[in-house]
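Everything on this sheet refers to the single structure shown next.
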Amino acid sequence: MNNFIFATHNTHKAQELQAMLPDIRIQTLSGLGHFDEIPETAKTLEGNALLKAEATHQLFGGLVVADDTGLEVEALNGAPGVRSARYAGEPRDDTKNLKKLLHELHAKDNRHAQFRTVICLFGQEKPLYFEGIVKGTILEMPKGANGFGYDPVFVPEGYTQTFAELPMEVKNRISHRGLAVQKLVEHFKNKS
């Protein structure tokens, strides 16, 4: 495998993935001239990853990688979860999502959470899934200028900085997406 399509319009995600896979040519939907959103209507992260992978494969063929990520907060019974990107409604808005999360956690003592990513590899004999989970806590106020989404309020276990404060190479190594990508890479190493 030396190239695949990453079924996303999110340039931050694509940059993170490209940094983790420097020897592989990764094309995005936007890079291929496709700017329509693929509906994420499934009730699970696995389901949304599969929907995006299938739709992209139908459009362009070839090997496709698609992911879905959710922030799962204990005190909110796992919310925002599969609705993380659109937690504050349509259209997706990171700032509004973050404000809503902090509002709902206001005065709550339990701030335990986890990020979970599911990657779907599509275009071979059957879809394959790779999961990455990182546990941590939610701060009361955002910190850091890097990252995106909920990164400025999420401190991974064993660290004192948010994902938005950590250097990119550290975040990529320990993050939910990083862990899922490592499993994807191992899959290809074992096949060759």
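Where a number appears in this text, it was derived from the coordinates with a stated rule and is not lab data. Here the structure is a predicted model, which means the values were calculated and not measured. Note: ideal-geometry Cβ built from the backbone for every residue, glycine included; neighbour counts use all protein chains shown.
For the pair ARG111 and ASP36, label points projected 7 Å from Cα toward Cβ lie 4.3 nm apart. Stokes-Einstein diffusion for the stretch 100-192, with the hydrodynamic radius set to the Kirkwood value over Cα pairs and evaluated at 4 °C in a medium of 1.567 mPa s, equals 89 µm²/s. For LYS108, the lysines whose Cα comes closer than 30 Å to its Cα, not counting residues fewer than 8 places off in the same chain, are LYS43, LYS96, LYS99, LYS100, LYS135, LYS143, LYS171.
Just from its helices, what would the mean residue ellipticity at 222 nm be for the chain, if runs of 4 or more DSSP H residues each count -39500 (n - 2.57) and the sum is divided by every residue, rounded to the nearest 500 deg cm²/dmol? Working shown, then result.
Values: 5 runs with 61 residues, N = 192.
Rounded to the nearest 500, the figure is -10000 deg cm²/dmol.
Count the net charge of all other residues whose Cβ sits under 12 Å from the Cβ of GLU72, scoring Lys and Arg as +1 and Asp and Glu as -1. Before the final figure, lay out the partial values.
Values: positive: ARG83, ARG116, LYS135; negative: GLU74.
Local net charge: +2.
Remark: relative contact order (the chain) = 17 percent; criterion is Cα-Cα distance under 8 angstrom and separation of 6 or more residues.
Angle of helix 45-60 to the longest C-alpha principal axis of the chain, folded into 0 to 90 degrees and rounded to 10: 30°.
Ordered by the number of other Cβ atoms lying within 10 Å of each residue's own Cβ, fewest first, SER30, SER175, SER84 fall into the sequence SER30, SER84, SER175. Share of pairwise Cα-Cα distances greater than 23 Å in the stretch 3-191 is 40 percent (whole percent). Comparing mean-square fluctuations of LYS100, LYS126, LYS108 from a GNM of the chain with C-alpha springs under 10 Å, the top value falls on LYS126.
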